[in-house]
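K.L.:
Let me give you the structure first, and then I'll get to my questions.
The values are calculated or read from the model by the stated rules, or taken from the named source; none is laboratory data. In this text the structure is predicted, and so the values were computed from the model without any measurement. Cβ atoms come from the backbone with ideal geometry, glycine included; neighbour counts cover every protein chain shown.
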Amino acid sequence: MGQQLHARERVGRVLVGEAEQLHRCAPLCRGDRDPSILGGALCHNGRVSDTDEVHSWHLPRLIIAWAVAAVIGVLVTVLEHDAEQRFAWLALAIGASTLVTFALQLGTAQREGFITRTAFSVAGSVVVIAVIDLIGLLVG
């Protein structure tokens, strides 16, 4: 019985120690993001950062993803003349540009707006590839 009480006391001290550490960290953190998590104290872990901007689009990364999609789309349109095969290669091009988009957006290490940036980038890649294919069909 005495050992259980001693163990509870140790656990209580650890929890109090963690709470004090969070309390010291709270003025440095953005506690207003999600108050339900750890009493609102979300601390910077050195990898992911929050910004006070509404959305940071990382426009150069979007342009790189669209340029990769354009290059792949042009290669497929120029090299493949069979319509059925071209459709399969264009689907593969969209998949490859999606992977490039994920790599570029994860490289930002920024949570805010990740889904929006990724969706916008993938949608733009699909539009770029579709326009290139349409031009290829009209010209060829």
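K.L.:
Which residue, of THR77, THR116, is closer than 21 Å to TRP57 by Cα and not aliphatic (A, V, I, L, M)?
P.N.:
Numbers: THR77 fails: closer than 21 Å to TRP57 by Cα.
Answer to the selection: THR116.
Every residue, every condition in (1) surrounded by 17 or more Cβ atoms within 10 Å (Cβ to Cβ); (2) at pLDDT below 95; (3) part of a helix (DSSP H, G or I); (4) among the small types (Gly, Ala, Ser), yes or no:
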site	(1), (2), (3), (4)
VAL76	yes, yes, yes, no
GLU84	no, yes, yes, no
LEU92	no, yes, yes, no
THR101	yes, yes, yes, no
GLN105	yes, yes, yes, no
THR108	no, yes, no, no
